[in-house]
Amino acid sequence: RHVVPVLVACPALDRVVFVGDTKQLPVFSNLRGGAAVSTMERLERRGIAPALLSVQYRMPPSLGSLVSRCFYGGALSSATADDPQWPAAVRFRPVQRGRAERESERSTSMLNRAEANEAARVVRELLRALGQKGGQIAVLSTYAAQSRLLEDLLKTGVPDGAVDVLNVDASQGR
């Protein structure tokens, strides 16, 4: 359904190249009824193997290696050299006794109050270390509900504009 308009508009095409990543953003469709599976996923299911661009340039290596392990089976590497500022800039903290819950009965977005409280505490530590300057702190969450909870927790005692709280989808391209 998604490719038909391209094929109709360009009948002389020999081949079509799809660029994207089925492990990142979910499928988007404004077709009536939507599409639960992307065109790329359908091609993969039919045995057309995608080519992996295996080097990333945008993330610090510590974050890139986490993404590589979790989503790409360790096949993604970082092109950037280690920067002495990055180890302090990227933090992973284990949180005990947290539990995921839905934001509301109708919502599909999840939140974890224990994780949000720990993230807010880390942000305040960073702001103290930076002298309340901020502006270079970003907190990424996998769920919009978690981002909203973090924003609420950071309304008090955090200067406006000092921290960006984004879900992963919203941070793409920034």
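Points to keep in mind about this one:
- Residue within segment 11-30 that is under 27 Å from VAL168 (Cβ atoms), out of contact with any Lys or Arg (no Cβ under 7 Å at 6 or more places or on another chain), at pLDDT 85 or above and open to solvent by 80 Å² or more (accessible area, probe 1.4 Å) present: no
- Meets criteria (at pLDDT 75 or above, within 19 Å of the chain's Cα centre (by Cα) and assigned to a loop (DSSP other than H, G, I, E, B)) for LEU53: yes
- Close Cβ contacts (under 9 Å, 6 or more residues apart or on different chains) running from residues in segment 151-162 that are of a type in the set (Val, Ile, Thr) to residues that are part of a loop (DSSP other than H, G, I, E, B) and crowded, with 17+ Cβ neighbours inside 10 Å comprise VAL158/GLY134.
- If you check GLN136, GLN172, GLN146 for being of a type outside the set (A, V, I, L, M, F, W, C), modelled with pLDDT under 85 and under 24 Å from GLU103 (Cβ atoms), only one passes: GLN172.
- Every condition in (1) modelled with pLDDT under 85; (2) part of a loop (DSSP other than H, G, I, E, B); (3) loosely packed, with under 15 Cβ neighbours inside 10 Å holds for ALA88 except the one numbered (2).
- Residue in segment 115-137 that is farthest from ASP160 (Cα to Cα), counting only those that are under 20 Å from the mean Cα position of the chain (by Cα) and loosely packed, with under 13 Cβ neighbours inside 10 Å: GLN136
- Condition met for ASP82 (assigned to a loop (DSSP other than H, G, I, E, B) and either at pLDDT 75 or above or aromatic (Phe, Trp, Tyr) (or both)): no
- Residue match in segment 32-44 (condition: over 27 Å from VAL3 (Cα atoms) and open to solvent by less than 80 Å² (accessible area, probe 1.4 Å)): no
- Search result, residues across segment 56-83 that are open to solvent by less than 30 Å² (accessible area, probe 1.4 Å) and either without any contact (Cβ under 8 Å) to a residue 12 or more places away in the chain or under 18 Å from THR22 (Cβ atoms) (or both): GLN56, SER68, LEU76
The values are calculated or read from the model by the stated rules, or taken from the named source; none is laboratory data. Every value quoted in this text rests on a predicted model; they were computed, and no experiment measured them. Heads up, the Cβs are rebuilt from the backbone with ideal geometry, glycines too, and the neighbour counts pull from every protein chain shown. Please note that ligands, DNA and RNA were not included when accessible areas were found on the heavy atoms of the full protein model with its side chains. Shrake-Rupley method; radii C 1.70, N 1.55, O 1.52, S 1.80 Å.
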